[in-house]
Amino acid sequence: MATNFIWGPDGNLPRIEEHTKRKLDVLKNYLDVYFDTVVRNPAQDRLNITLVDGFSGGGAYSDGNDTRAGSPLVLLNAVEEATVRLNEGRAKPLEINARFIFVDDEREHVAALKRELRGRGYKENDPQISVLEGKFVEHLPTIMAEITQTQRKGRCQSRSKMGPRTGVKLGHWV
Ligand SMILES: C[S@@+](CC[C@H](N)C(=O)[O-])C[C@H]1O[C@@H](n2cnc3c(N)ncnc32)[C@H](O)[C@@H]1O
């Protein structure tokens, strides 16, 4: 694997390359537009969404003297920012109920991502965030089963109350 994508046990972050910066900018912009588009109805008070990053990497890069968010943090930050942005001026508060699933097949990368998340205040046992080690294709059936179950629940809620809507974003960001 290229050295710019190796997260080792020493905690040193790989140096980000220009093409990765561009890719992560595209991902962020896409998510911003996505949230702004799906939550246009002012009566909607909840958005259920599962965000899956099947090739998550270690979570952050070094960028000169700075640290730059990798794709898992881009997803987490996008949801946080959308919650603030979309609640501005809303009479009825909107909750984005997001579930995050991160997968990587390198043990050290999984460890680096968990370290990065811990360092940013995310709890190891946060039920909304799973960090899985292994090949994405091997985890996919279980992930799809969970999403299908969540969607069924969302549909039942939708019948009784206007608002809940379940979205799924399956990512393949390498
Ligand atoms: C380019 S790096 C990750 C970049 C990350 N998505 C980002 O944008 O910050 C690709 C990652 O995919 C992982 N990987 C490669 N093949 C994989 C597979 N079949 N299943 C899961 N992870 C895989 C590698 O270990 C590596 O950490």
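What follows draws every value from the coordinates through simple rules; no lab data is involved. This structure is a prediction, so every number in the text was calculated from the model and none was measured. For neighbour counting, all protein chains shown are included, and Cβ atoms are generated from backbone atoms with ideal geometry for every residue, glycine included.
All C-alpha to C-alpha distances of the chain, sorted into 5 Å bins beginning at zero, yield P(r) values of 1, 8, 17, 19, 19, 16, 10, 6, 3, 1, 0 percent in whole numbers.
How would you order 88-95, 76-83 from highest to lowest mean count of nearby Cβ atoms within 10 Å? Write out the running numbers ahead of the final one.
Working: 88-95: 10.2, 76-83: 17.5.
My ranking of the peptides, most packed first, is 76-83, 88-95.
Please report the relative contact order for the chain, taking Cα pairs under 8 Å with a sequence separation of at least 6, and give it as a percent rounded to a whole number. It would help to have the intermediate numbers written out before the result.
Details: 265 pairs, mean separation 52.3, N = 174.
The normalised contact order for the chain reaches 30 percent.
Here's how it looks for F55: its modeled amide H is under 5 Å from those of V103, W173, which are all 5 or more places away or on a different chain. Taking Cα atoms only, the orientation of helix 107-119 departs from the longest principal axis of the chain by about 60 degrees. By the count of other C-beta atoms within 10 Å, a proxy for reagent exposure, H109, H19, H139 are ordered fewest to most as H19, H139, H109. Other residues with beta-carbon under 11 Å from the beta-carbon of I6 carry, at +1 per Lys or Arg and -1 per Asp or Glu, a net charge of -2. Taking other C-beta atoms within 10 Å as the exposure proxy, I16, I6 rank I6, I16 from fewest upward.
For the range 12-171, the dipole from Cβ point charges (+1 on Lys and Arg, -1 on Asp and Glu) about the Cα centre works out to 840 debye, to the nearest 20. With a cut-off of 11 Å between beta carbons, the residues surrounding D32 carry a summed charge of -1, where Lys and Arg count +1 and Asp and Glu -1.
Once the other residues with Cβ under 13 Å from the Cβ of K23 are scored (Lys, Arg +1; Asp, Glu -1), what is the net sum? Don't skip to the end; give the middle numbers.
Numbers: positive: K21, R22, K28, R68; negative: E17, E18, D25, D53.
For residues surrounding K23, the net value is 0.
For I96, nonlocal amide neighbours, meaning residues 5 or more places apart or on other chains whose placed amide H falls under 5 Å from its own, are L47. Put in order of Cβ neighbour count within 10 Å, fewest first, the listed residues S71, S130 become S130, S71.
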